[in-house]
1. Return yes or no: is residue A:335 within 19 Å of residue A:300 (Cα to Cα) and touching a residue at least 40 places away in the same chain (Cβ under 8 Å)?
2. Restricting to segment B:283-301, give me the number of residues that are out of contact with any strand residue (DSSP E or B) (no Cβ under 9 Å at 6 or more places or on another chain) and within 8 Å of chain A (Cβ to nearest Cβ).
3. Counting only residues that are closer than 27 Å to residue A:294 by Cα and either in contact with a strand residue (DSSP E or B) (Cβ under 7 Å, 6 or more places away or on another chain) or within 13 Å of another protein chain (Cβ to nearest Cβ) (or both), how many does segment A:140-162 have?
4. Out of curiosity, is residue A:165 in a helix (DSSP H, G or I) and away from chain B (no Cβ under 14 Å)?
5. So residue A:276 fits all but one of (1) within 14 Å of another protein chain (Cβ to nearest Cβ); (2) touching a helix residue (DSSP H, G or I) at 6+ places or on another chain (Cβ under 7 Å); what number is the exception?
6. Being crowded, with 18+ Cβ neighbours inside 10 Å, assigned to a helix (DSSP H, G or I) and in contact with a helix residue (DSSP H, G or I) (Cβ under 6 Å, 6 or more places away or on another chain) is the filter here, so list the residues in segment A:63-110 that pass it.
7. Give me the helices (runs of 4 or more DSSP H) completely within segment A:169-257, filtered to those with at least 3 residues that are over 18 Å from the mean Cα position of the chain (by Cα), away from chain B (no Cβ under 14 Å) and crowded, with 23+ Cβ neighbours inside 10 Å, ordered by residue number.
């Protein structure tokens, strides 16, 4: 049976890897709709290659240039956020890949869910910021949302429970990032360049810094809470330096199921596309011979961001949006060289402390809280900087 | 829904652990039939406690004593192999646990399968000796046969494939036994007492010696071939000293699923009883924090038994029965102090070389081959001993 795919965020890292996976899967997988932010040149190439029925460019100022390049292709065009929403609802699509970065993925996700599509979800913010709202709307249908990141895909792959009460807990693995094992004093001297050297994964700068602070794992904890309907005390983080075990599910009978593999995003992407079947892929498999796998407690003293995420999730309401917004700015300031590494969690914690939490928020409330947190983080950031100068 | 269980081999190690698991599961699990070999005193206690509708004693000479002890219980009695077969077919049973030792488990297995029961299979010989016959009879229904040993249960737990072609290979883990790392010269001096000290599992003497020679893993490879319909080159053995990962399934998409847990036979027993659900158990779960898991190639030079098993499986026909029979005698001779440890695989190899393989055997052929191998092993054993004296 042919699967028809709408791909949102097609020119980004997950978007281009999704197309690679589709190339490998052959003719049973067709791209029927594409949506990109602003990279019209790459989108044009994708239109020529995949011949979608529809393509949207969110940053509409280059739409005419796009049309000129692909002149002759039978393709309908859309623009702006509405154009992207149309891609999410594209009638002939069975499966929508939500791969754009930021909370702009939230409305397309809702549109796709309401249209009855199956979802491959690579957009973290939708769940971190909007998870509670999705749940309240009754949209967190686990049979339709397939996480596209290695940890949550691993949990999905290990999850064979029919009933929630079969689950004891999950273990989300964390590589620990490039600074694992360092003390506060050592961490004061690390540079953005040091932080961007991730030992196991090739990723963008934001997520690589999040990985170094352990905030990435914190955001994943919040995602997991919503995706798998778990309480926070059922979610454990375990340091696993080798990045081979991508996560584990422990059942109430004392049995634990783990998913292992080489660190490669194409595995969770392909699993989301081919589920419930598995198909051949070009990803190298894990060869266990001669390997050693280690597991350790996270270091909460030197890497306090993880606990902040648990705290934000515990608070609920708009607090996860504040955690997310403040963290975004803190990472930007660190990358710009205006905030030291250790100050990232300090800044986030201060912004969280200043926030007046809305316990049962609407979409507009979480968007406002995220913006408020970004602005407040800039203010707090300059105060912190002055104090350190 | 109440599950009604017939338990064959109720007084053995797996049998008594099965009753422990049933105790923990509560009233939804009822024992409706019991069958034991000769331990009528323990069987009497089990009848008083579980109030089965039927109980069989294979060794019939103590049947009257049994009846006297349990006088007053509403229970029908059976005797001999026919009595055991009746337990396997017991009308009110949904699930039959085949937990007796030796090839005597084969006929009850066929009877239970033909009666449409679900099976919890702890009897190795049924598959090692009879796997090919079961397949030819179309009885190897994977939805009905649940393996009760840690490795095959692990594979079952990790196996979510709808189609066989989704599977790349499986990794059966092996602790390596007490002598792993030793050389031939060192192995010449090991005693039965040394061999009986298994690092991770509490088991009977036969299986503990099989674990020390790696023949246990060889027999498991043959079982896995039949249980999971795999070719021999899809079955890998990996040394894993910690006995935490009980086996792994590698899919064609490059993803590997592993089952982990403390070494405890109650886990596979309970999984076979409660499938497709999981229920709370008293088994301690695996806590990953602070653990290290290692994986290595088996040492085929110092532990050649594993290769002999692959060779017997490759030959097929009556050869696995010969491997099994020769190995039983070799282990008996080693335990009796009349064969050195290194001579176990030598003896088996010689008996296999002398065997005239029947490629498409009947049940009577494999029984005859097993007996022939036992007798031949005794002869070859005395020749080997003379040569060494």
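1. On the way: within 19 Å of residue A:300 (Cα to Cα): no; touching a residue at least 40 places away in the same chain (Cβ under 8 Å): yes.
When the stated conditions are applied, residue A:335 does not pass them.
2. Qualifying residue count for the region: 2.
3. Within segment A:140-162, the first condition is being closer than 27 Å to residue A:294 by Cα, and the residues that meet it are A:147-161.
Still in the running and either in contact with a strand residue (DSSP E or B) (Cβ under 7 Å, 6 or more places away or on another chain) or within 13 Å of another protein chain (Cβ to nearest Cβ) (or both): A:147-148, A:150-151, A:153-161.
Summing the residues that are closer than 27 Å to residue A:294 by Cα and either in contact with a strand residue (DSSP E or B) (Cβ under 7 Å, 6 or more places away or on another chain) or within 13 Å of another protein chain (Cβ to nearest Cβ) (or both) in segment A:140-162 gives 13.
4. Working: in a helix (DSSP H, G or I): yes; away from chain B (no Cβ under 14 Å): no.
So residue A:165 fails the test.
5. All conditions pass for residue A:276, except number (2).
6. A:66, A:84, A:85, A:88, A:103, A:105, A:106, A:108, A:109
7. Details: elements: A:184-187, A:192-195, A:205-213, A:215-228.
Helices (runs of 4 or more DSSP H) meeting the threshold: none at all.
Here's the yes/no breakdown for (1) out of contact with any helix residue (DSSP H, G or I) (no Cβ under 8 Å at 6 or more places or on another chain); (2) in contact (Cβ under 8 Å) with a residue 24 or more places away in the chain:
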{"position": "A:251", "(1), (2)": "no, yes"}
{"position": "A:258", "(1), (2)": "no, yes"}
{"position": "A:296", "(1), (2)": "yes, yes"}
{"position": "A:300", "(1), (2)": "no, no"}
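The values are calculated or read from the model by the stated rules, or taken from the named source; none is laboratory data. For clarity, every value in this text was computed on a predicted model and none was experimentally measured. When we count neighbours, we look across all protein chains shown, and the Cβ atoms used for this are built from the backbone with ideal geometry, even at glycine.
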